[in-house]
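Visitor: This is the structure I have questions about; it appears just below.
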Amino acid sequence: MSSSFLLGLHFSHATLAASGLSYNGLSITPAMGWDTYNAYALDYNETTIQDNADRLVSLGFRDLGYRVVIFDDAMTEKNRSSNGSLVENSSKFPSGLKSLVDRSLHSQGLQFGVYSSAGRFTCGGYPGSLGYEPADASWWASLGADYLKYDNCYNEGNSGTPKLSEHRYAVMSNALNSTGRDITYSLCNWGDDKPWEWASTISNSARMSGDIQDYFDRPAASCPCGPDEYYCQLPGYGCSVFNILGKASHITSKNQPGYWNDLDMLEVGNGGMSYDEYKTHFSMWAAIKSPLIMGNKLYDLSPEDYGILTNPAVIALNQDPQGSAIQRHLVEQTDNKDRWGVGEVQLWSGSLFGGDQVVAFVNAANSSRTISYDLVEVFGGVSTNEQAQQAWNLYDVWGNETVIPAASAAMVLNGTVGIEAVNEGRWYYNASETSWADGLASNDTLLLGTPAGRVEAAGTLSAEVPSHGIAMWRLRSADKGNTKKKRDEL
Ligand code: GLA
């Protein structure tokens, strides 16, 4: 029996085991897709959906896994019909929702995401689904829904204890199951009543903070809890990337295949952050295993932002078959602290499928810094730690093997050449054809990252990290090749 056959068996066992952890067998890796809200608020229509769906396909996003298109709020009329059903908004969607979904989404291999609230109204003031769960779920299923984002507005006091929230959200979970359709269930209750303690048995993900804003670290009165207050009774909105990252750092261990802490949608492409800030945002959302839901205008992307969102080495961290989130080990204060401690360096690391590791140095300080940590620190500060006592090959996940250069990206974005053809498809990874697990097993540098040398046992990792930027590596055991060779000889 060849070693690659053994490896193949290993992967399928892992996938089978992982699917058992999901309450409905879905979302074994975090959901990926695109949502209307960050870029359009409630102002979107049929054309918005069509145009962005087409870009998901033509720019290669679909084949990287960004499949679900979420109609975030304001999809229906403002009132239910006289018999209590939701009514689709035919002025926004003149073709009819079913026909739009069939034509623009399902026929192109995309998925349909709907939105409602476990309350009387949605956050935008449209009818909510509290008390109407079975009827609304079956209407969505009849339209072909594949995903529900379920909000928390106007919940009529049915919150304040984990029991109240769980009970309210479980009603919809059961209603979705009763439709007989596979519908990923994504709670949007902003961390209220600590969903990471109870939601994994009824849902596939839950938001853990107030709404994101397109800022790296700007404090906002509307987002009153700081990054160290992971449980926030007033989650609010206007929360920065750095604020959400801090909150998430306390609960990363709650992730498992089938249930993910949702750090909210991506802002990459919306213009409020620098290139380095967007890289940090995307890298950390990916490695923490947040769902990766873009919230931008896909026909208005800069070449640099396109390069960030399509980086297969970073997406491979998010879609890793093991499903463990990166963990924060150290926070060191540096310069110019504000009331939230911005001006700090953070060290994160975590394990990946097959024994690989991921390490991140985040520099939230206001100047570029040389950051160094030895392997003992990198792996949590225990000197006997097995990982610290072995040599690793390093792969820079932001190196030039995986980030499409701006000039090539510009050609893809303006339609001169397809992503699968630019420079002979060098930056194109098609996860619809080759799973992330198989790509990783074949040592494809498109997924591993750019080779960046080696660190010896008990050695030191070091990088110059720009202000608000990140250095991030995949580590693969330097002994792995030898192990494989030995296995082949058996
Ligand atoms: C809430 C959610 C957002 C978005 C809006 C829609 O604020 O947290 O993500 O869905 O509602 O109105």
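The values are calculated or read from the model by the stated rules, or taken from the named source; none is laboratory data. Everything numeric here is computed off the predicted structure, so don't read it as measured data. Cβ coordinates were reconstructed from backbone atoms using ideal geometry, including for glycine residues, and neighbour counts include every protein chain displayed.
Visitor: All but one of (1) within 16 Å of the ligand (Cβ to nearest atom); (2) in contact with a strand residue (DSSP E or B) (Cβ under 9 Å, 6 or more places away or on another chain) hold for Tyr40, so report the exception by its number.
Guide: The failed condition is (2).
Visitor: Within segment 73-85, work out how many residues are surrounded by fewer than 15 Cβ atoms within 10 Å (Cβ to Cβ) and within 11 Å of the ligand (Cβ to nearest atom).
Guide: 0
Visitor: Is there any pair linking a residue in segment 143-157 that is on the phi < 0 side of the Ramachandran plot and within 11 Å of the ligand (Cβ to nearest atom) to one that is among the aliphatic types (A, V, I, L, M) and at pLDDT 95 or above, with Cβ under 6 Å and at least six apart or on different chains, and which?
Guide: Lys149/Ile70; Tyr150/Ala118; Tyr150/Met172; Tyr150/Leu187
Visitor: Sticking with this one: Counting only residues that are more than 11 Å from the ligand (Cβ to nearest atom), under 18 Å from Asp151 (Cα atoms) and either basic (Lys, Arg) or in contact with a strand residue (DSSP E or B) (Cβ under 7 Å, 6 or more places away or on another chain) (or both), how many does segment 204-243 have?
Guide: Here the count works out to 6.
Visitor: Please determine whether any residue of segment 394-401 is modelled with pLDDT under 95 and of a type outside the set (Val, Ile, Thr).
Guide: yes
Visitor: Quickly run through segment 312-323 and pick out the residues that are part of a loop (DSSP other than H, G, I, E, B) and within 13 Å of the chain's Cα centre (by Cα).
Guide: The answer is Gln319, Asp320, Gly323.
Visitor: Please count how many residues of segment 348-393 are over 19 Å from Met472 (Cβ atoms) and in a loop (DSSP other than H, G, I, E, B).
Guide: Residues flagged as over 19 Å from Met472 (Cβ atoms) and in a loop (DSSP other than H, G, I, E, B) within segment 348-393 amount to 9.
Visitor: Hey, could you check segment 269-281 for residues that are part of a helix (DSSP H, G or I) and without any contact (Cβ under 8 Å) to a residue 60 or more places away in the chain and say which is nearest to Ala325 (Cα to Cα)?
Guide: Tyr278
Visitor: Next up: Which ones in segment 221-268 are in a strand (DSSP E or B) and surrounded by fewer than 20 Cβ atoms within 10 Å (Cβ to Cβ)?
Guide: Gln256
Visitor: Identify the residue in segment 158-198 that is part of a loop (DSSP other than H, G, I, E, B) and closer than 24 Å to Trp139 by Cα and, among all such residues, is farthest from the ligand (Cβ to nearest atom).
Guide: The selected residue is Gly180.
Visitor: Take Thr402 and decide whether it is surrounded by 22 or more Cβ atoms within 10 Å (Cβ to Cβ), out of contact with any Lys or Arg (no Cβ under 6 Å at 6 or more places or on another chain) and of a type in the set (S, T, N, Q).
Guide: yes
Visitor: Now a separate question. Would you be able to say whether some residue in segment 282-289 is within 15 Å of the ligand (Cβ to nearest atom), among the aromatic types (Phe, Trp, Tyr) and not in a loop (DSSP other than H, G, I, E, B)?
Guide: Yes, because at least one residue in segment 282-289 is within 15 Å of the ligand (Cβ to nearest atom), among the aromatic types (Phe, Trp, Tyr) and not in a loop (DSSP other than H, G, I, E, B).
Visitor: Which of (1) surrounded by fewer than 19 Cβ atoms within 10 Å (Cβ to Cβ); (2) within 16 Å of the ligand (Cβ to nearest atom) does Ile70 not meet, given it meets every other one?
Guide: (1)
Visitor: Next question, about the same structure. When segment 109-133 is examined, which residues are found to be surrounded by fewer than 16 Cβ atoms within 10 Å (Cβ to Cβ) and of a type outside the set (Gly, Ala, Ser)?
Guide: Arg120
Visitor: Of everything in segment 399-414, what is assigned to a loop (DSSP other than H, G, I, E, B) and touching a residue at least 24 places away in the same chain (Cβ under 8 Å)? Give them in sequence order.
Guide: Passing the criteria: Gly399, Asn400, Glu401, Thr402, Val403, Ile404, Pro405.
Visitor: Filter segment 124-142 down to the residues that are assigned to a loop (DSSP other than H, G, I, E, B) and within 16 Å of the ligand (Cβ to nearest atom) and list them by number.
Guide: Within segment 124-142, Gly124, Gly125, Tyr126, Gly128, Ser129, Leu130 meet the criteria.
Visitor: How many of the residues making up segment 73-116 are within 19 Å of Tyr40 (Cα to Cα) and among the small types (Gly, Ala, Ser)?
Guide: Of the residues in segment 73-116, 6 are within 19 Å of Tyr40 (Cα to Cα) and among the small types (Gly, Ala, Ser).
Visitor: Moving on. What's the total number of residues in segment 56-104 that are among the hydroxyl-bearing types (Ser, Thr, Tyr) and assigned to a loop (DSSP other than H, G, I, E, B)?
Guide: The number of residues fulfilling the criteria is 7.
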